[in-house]
Amino acid sequence: MSQGSRIAVLGASVAGVAAAEAVRGAGFEGEVHLYDAQSVRPYDRPPLSKGLLSGTQEVDAIALRSDQDWADLDVDLRLGHAVRAVDADRTVTTDAATTTYDGVVVATGTRPRRAPFHISPEVRSHVLQTSGDALRLRADLGDANDVVIIGGGFVGLEVAAAVVALGKRCTVVEVSELPLGSAVGADVAGFVLDRHRAAGCELRLGARVRDVVPAGRGRAEVRLLDGGAVEADLVVLSIGVEPAADLLAATGLDLSDGVEVDGYCRTDLPGIYACGDVASSYSHLYGRRLRIAHWTTAREQGACAGANLVADLAGHAPAPFLHVPYVWSDQLDLKIQTVGRLLDGATTHVEHRDADSIVVAFRLGDDLVGGATINRARDAMLMRRTLSTALAESSKRVGA
Ligand SMILES: Cc1cc2nc3c(=O)[nH]c(=O)nc-3n(C[C@H](O)[C@H](O)[C@H](O)COP(=O)(O)OP(=O)(O)OC[C@H]3O[C@@H](n4cnc5c(N)ncnc54)[C@H](O)[C@@H]3O)c2cc1C
């Protein structure tokens with residue numbers, strides 16, 4: 001590998017930072033340019049809806065790496081440099097420069113999904129994707145008495161828990177009858193929702209929002225398609241995210257569900273890899289394509305993409321991305337953990353349940369394909385280990 005060679009990593013969050021570290025860890029000695037559109041030091045996102053929002057953590061505490069780590073890593077950290085386009089020949093364009101690289105790792109994550117209903121600019125509404133968003137919401141919560149959260153997924157319910165803990169009234173408006181159900185199954189979802197109700201949060205399930213309009217005195221009214229309405233001082237939109245993949249529009253890659261990569265984090269274009277929330281990846285565990293927008297996948301896939309790109313540039317064989325999905329969410333006094341996936345057609349089996357915890361296994365026929373637990377970390381880790389062992393054995397058999 002020529003020492004003059006250059007690698008660009010686009011996105012300096014958990015996937016991009018893991019990729020840059022893996023590039024160096026694999027012995028790459030050329031230039032590494034790590035771009036991010038944001039101007040602030042890279043930070044971790046899970047605390048945004050937890051400690052940073054509730055005020056138990058500050059921005060310094062959620063930095064992804066220390067100044068010393070950055071110096072040791074020896075990458076050119078290009079903060080405040082939004083990448084406008086990447087071409088098929090690995091040319092990266094920002095407002096400041098156009099540079100062609102030997103390899104590119106795309107780790108641009110997601111952005112909040114645009115609301116499919118009108119939100120008046122006069123109401124106090126928030127999304128939660130960046131540390132700036134979390135600090136603005138935290139400040140705005142100060143004089144709010146009540147909050148409506150639109151969207152009852154993991155992040156929406158974490159925000160609800162933080163709002164209730166601050167002593168505010170909280171209503172979650174959610175289109176599904178059973179939020180979280182497709183990720184954790186009905187038993188675990190029911191357990192979580194009961195706890196939110198018991199904590200004082202009102203859940204409006206199966207409710208579609210028509211629009212969000214001013215209600216006078218600075219308040220907002222969330223009007224529902226069934227004719228109902230909820231009024232509050234402020235509104236938090238947590239209706240999901242979409243991959244930030246448009247910078248690759250000129251490459252001709254299929255971007256219909258993020259950036260498609262194979263089981264080695266490679267796109268169809270030579271030298272262009274993708275990882276983290278922006279990527280939809282072939283899963284060796286399930287033999288199908290998945291886009292998993294969660295932290296552990298982003299970190300592990302980033303590491304795989306960085307190492308495989310360096311192997312590729314050196315003419316060596318890549319390593320498969322052998323991954324068992326793992327997700328956690330902290331809400332109220334609940335530590336929710338899922339491993340693997342609740343695949344279509346899988347059945348759920350409650351293996352343990354008491355007042356404060358539950359363990360559910362997901363099975364397809366006799367095979368364990370995943371599981372979800374609350375306040376039973378050991379069981380989650382055991383299921384993850386079982387799936388990892390099965391994955392390692394099957395990949396040895398097929399020579400992945
Ligand atoms: C509020 C919140 C709470 C969460 N809590 C949990 C949790 O409890 N458990 C869990 O498993 N997961 C959680 N997640 C999800 C987890 O944080 C993400 O899966 C993870 O951050 C994805 O990492 P990533 O590096 O792929 O992308 P991101 O973290 O989305 O980062 C992408 C980076 O790319 C940059 N970027 C985008 N476009 C460009 C461009 N054109 N040019 C330059 N830079 C660009 C962005 O500025 C950003 O820094 C949470 C996410 C949020 C938002």
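The values are calculated or read from the model by the stated rules, or taken from the named source; none is laboratory data. These numbers were taken from a predicted model, which means no experiment stands behind them. Counting neighbours? That spans all protein chains shown, and the Cβs are built from the backbone with ideal geometry, glycine included. For accessibility, only protein heavy atoms count, side chains too; no ligands or nucleic acids. Shrake-Rupley method; radii C 1.70, N 1.55, O 1.52, S 1.80 Å.
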Could you work out how far helix 377-398 tilts from the main Cα principal axis of the chain, as a 0 to 90 degree angle to the nearest 10?
40
Report the charge-dipole magnitude of the stretch 114-239 in Debye, nearest 20, computed about the Cα centre from +1 at each Lys and Arg Cβ and -1 at each Asp and Glu Cβ.
160
For the chain, set up a Gaussian network in which alpha carbons nearer than 10 Å are linked by springs, and say which option among Gly132, Gly271, Gly156 fluctuates the most.
Gly132
Asp69 paired with Ala82, simple spin-label distance in nm, labels 7 Å along Cα-to-beta-carbon
2.7
Test of understanding: extend the Cα→C-beta vector of Arg208 to 7 Å, then name every residue of the stretch 119-143 with backbone N under 17 Å from that spot.
119
Report, to the nearest 10°, how far helix 186-198 tilts away from the longest principal axis of the Cα atoms in the chain, using its own Cα long axis and a range of 0 to 90°.
50
For Asp367 and Leu178, what is the calculated FRET efficiency with R₀ set at 30 Å and r taken between the beta-carbons, to the nearest 0.05?
0.75
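Is the shape of the stretch 311-400 best called rounded, prolate or oblate, per the rule: a/c under 1.5 gives rounded, else a/b larger than b/c gives prolate, else oblate, with a ≥ b ≥ c the square roots of the Cα gyration tensor eigenvalues?
Numbers: a/c = 3.11, a/b = 1.86, b/c = 1.67.
It comes out prolate by the Cα gyration axes.
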Over all directions, the chain yields a Cα convex hull whose mean projected area in nm² is 20.4
Longest principal axis of the chain (C-alpha) makes with the long axis of helix 14-25 (C-alpha) an angle, in degrees to the nearest 10, of 20
For the chain, the per residue accessible area (1.4 Å probe, Å²) is 43
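Extension gain Ser357-Asp143, at 0.36 nm per residue separation less the Cα-Cα distance, in nm?
On the way: separation 214, 0.36 × 214 = 77.04 nm, distance 3.49 nm.
Extra length from Ser357 to Asp143 when fully extended: 73.6 nm.
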Please work out the C-alpha center-to-center distance from the stretch 339-367 to the stretch 102-160 and express it in whole Å.
31
What FRET efficiency would be calculated for the residue pair Ser394, Asp226, taking the C-beta separation as r and a Förster radius of 60 Å, to the nearest 0.05?
0.80
Leu343 versus Thr98: modelled label distance in nm, points set 7 Å from Cα along the beta carbon direction:
4.6
What aspartates and glutamates does Lys168 reach when the alpha-carbon gap must be under 15 Å and sequence neighbours fewer than 8 apart in one chain are set aside?
Asp140, Asp143, Asp146, Glu158, Glu202, Glu231, Asp233
Amide proton proximity set for Ala215, modelled H, under 5 Å, gap of 5+:
Ala220, Glu221
Mean Cα-pair separation over length for the stretch 333-398, i.e. relative contact order, pairs under 8 Å, 6 or more apart, %:
32
Whole-percent carbon and sulfur share, accessible surface of the chain, 1.4 Å
47
